[in-house]
Amino acid sequence: MSWINVAPYADIEGEETLPIEVDGQKICLYNLDGKVFATDNQCTHGDAALSDGLIQEGGLIECPLHEGTFDIRTGEAKGAPCTQDLRCHEIKVEGGVIYLRPA
Ligand code: FES
């Protein structure tokens, strides 16, 4: 899979999360201290968009529905009731543009 231009970096600057769609896949971009990460946007526990959640200490995203957590950098399910990891997507930022390589 090749890199896809998904958003200007300015779109996530000053934001915690940014929902995007790539080839029909719903993906969430995260701004973790200025570094961009991407996972599938839907929580693996239920029908909730992680882009509506809150970033917590330690680089975790908290699901807005039942407050389960995932590690933004690895997709690993960290907090109950989540047990299934999130799929992560590769990201690079070049020239003020965010590029994503779908998993
Ligand atoms: Fe995300 Fe339940 S839907 S924790």
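For region 71-80, putting each phi into the Karplus relation 6.51 cos²θ - 1.76 cosθ + 1.60 with θ = phi - 60° gives couplings of 7, 4, 7, 10, x, 5, 5, 10, x, 4 Hz, in residue order, rounded to whole numbers and with x for Gly and Pro. Applying 0.36 nm per residue to the separation of ALA49 and TRP3 and subtracting their alpha-carbon distance, the gain on full extension is 14.2 nm.
Between rounded, prolate and oblate, where does region 4-50 land on the alpha carbon gyration tensor, with a ≥ b ≥ c its root eigenvalues, rounded for a/c under 1.5, else prolate if a/b exceeds b/c? Cα axes put region 4-50 in the oblate bin.
Suppose the Debye formula is applied to equal point scatterers at every Cα of region 12-103; what is log10 I(q)/I(0) at q = 0.13, 0.25 Å⁻¹? Those come out to -0.36, -1.36, one per q. Annotation: amide H-H contacts under 5 Å for ARG87 (H modelled 1.01 Å from N, sequence separation of 5 or more, or interchain): ASP40.
Just so you know, all these numbers are worked out from the coordinates, no wet-lab data involved. All values derive from a computational prediction rather than experimental measurement.
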